[in-house]
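So the structure is just underneath, and the comments pick up after that.
The numbers here are math on the coordinates, done by the rules we state, and not lab data. Owing to the predicted nature of the structure, the values given are computational and were not obtained by experimental measurement. As a convention, Cβ positions derive from the backbone with ideal geometry for all residues, glycine included, and neighbour counts pool all protein chains shown.
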Amino acid sequence: MAIDAAPLHFDLPAQPLARSLAVFGRLTGHSVLVTSRLTEGREASPVQGEFAPRDALQRMLTGTGLAARYTGANAFTLVPLQAPTGSSQEQEQQQAHEPASAALAGSGPALRAYATVLQGAITRVLCIAQPDAFGRYRLAVQLWIDSAGSVSDAHVLEGSGVPARDATVLASLRALGLDTPPPPALAQPITLLLTPRPDPARDCRPYLGAHATSAAGAVGAGG
């Protein structure tokens with residue numbers, strides 16, 4: 001069972017879900033990976049008072065039809081709640097009206113597994129590209145991933161305030177390729193909110209160690 005962080009003070013009104021998620025990420029340092037289609041048109045419930053981050057997130061999502069699925073200590077994705085079981089005719093009618101939500105709900109485990117892979121890959125490439133900066137800024141980006149698992153495009157939604165840093169992030173993400181293709185039902189683009197992390201050096205250590213070892217081996221072979 002995950003141990004949640006100490007309570008924080010939240011003062012979030014009812015507002016567009018994307019906006020509440022952005023404020024939540026800034027306050028808690030938690031990163032969210034979510035498709036834009038899931039947040040579009042949804043309103044977050046108000047959260048006011050002292051709450052542990054995960055409790056606050058649950059309150060925020062009340063009434064949205066979405067649930068949080070954590071893929072790491074401080075990283076999560078959102079998935080549609082499973083619809084109540086009904087007759088086959090009712091289910092067919094619901095799927096006809098909400099094909100995207102139904103498809104994503106059915107592929108919940110696949111989406112969560114892919115979110116874990118993608119977040120790990122993004123952490124790796126950005127730690128290597130920005131070892132002294134990753135996990136110390138806030139940046140919102142959108143990604144498009146092709147059927148082969150390569151990032152076909154990336155756009156900045158909200159910059160970090162340092163254009164050169166944002167350009168480095170985009171270049172790193174556009175060169176990203178994954179061994180695992182995206183689930184067929186994954187709606188795109190994917191919105192990724194990078195937020196400050198409690199201990200970015202620890203998060204980057206596994207990737208920087210492997211990168212340094214690889215570089216040293218290449219130098220030795222060249223000599």
**Whole-Å distance, taken between Cα centres, linking segment 110-171 and segment 195-209** = 14 Å
**Asked** How many nm separate the modelled label positions at residue 54 and residue 152, each set 7 Å beyond the Cα in the direction of the Cβ?
**Response** 3.6 nm
